[in-house]
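Taking it in order: structure first as structure tokens, then the write-up.
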Amino acid sequence: MKPLMTHIRVILTVCSLWILGLGNGLSAGDAEFEKLYNYYFPKHGAYINTIYRQSFDKALFGSSPTASWKKRDRELYYAFRGDPAAFRAFVRSHEGEDTDWDYQTVLLLLKLGDNRFSQLLAREDRPTRESVGVAIDTQIDWTKHHFPKTRALYSYRYKPQRGAGRN
């Protein structure tokens, strides 16, 4: 009887550790997003990405969008929460040079992560993927952060000018 009880304790311990590990894994995504969000959109800074941070904090972490919101802002709100239809509508809303769209696209990459973002982006046509590539490739610090699945979906590569630094 004693070996059976020991065996049951071991199984329960392993199961408990697995469940705790799974829970930590789920929150690690939020922790990773927070780390990346703070890096690319600092709360306090002298650059435009801090202004975007303030806008994102107000819009995305507040109440649900109302009918008065612009269509693309509503799409961003729901894409940020992983809605595939909203993601598709958002990435297809790009029109020429659009700094807001560029920063918002980076935000989606940070929130959704490489796996989910690349899954959704892979469904898009080549011009859309290239537009997304231009938006994110110019903003991501590739020496520190890697999004290999997403980056494999487009051919554009940012080449900084000599003497030019990133914000």
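Every number in this text was worked out from the coordinates using simple rules, so none of it is lab data. Please read these numbers as outputs of a predicted model, since none were measured by experiment. Neighbour counts run over all protein chains shown; Cβ positions are idealised from the backbone, glycine included.
Could you put SER131, SER64 in order, starting from the residue whose Cβ has the fewest other Cβ atoms within 10 Å?
SER64, SER131
At a 10 Å Cβ-Cβ cut-off, how would you order GLU75, GLU32, fewest neighbours first?
In increasing order of surrounding Cβ atoms, one gets GLU32, GLU75.
Below 13 Å Cα-Cα, how many Lys pairs turn up in segment 27-151? Only count pairs eight or more apart in sequence, or on different chains, if you could.
4
Cα gyration tensor of segment 27-151, axes a ≥ b ≥ c as square roots of the eigenvalues: rounded (a/c below 1.5), prolate (a/b > b/c) or oblate?
Since a/c stays below 1.5, the shape of segment 27-151 is classed as rounded.
Sort HIS145, HIS44 so the one with the fewest other Cβ atoms within 10 Å of its own Cβ comes first.
HIS44, HIS145
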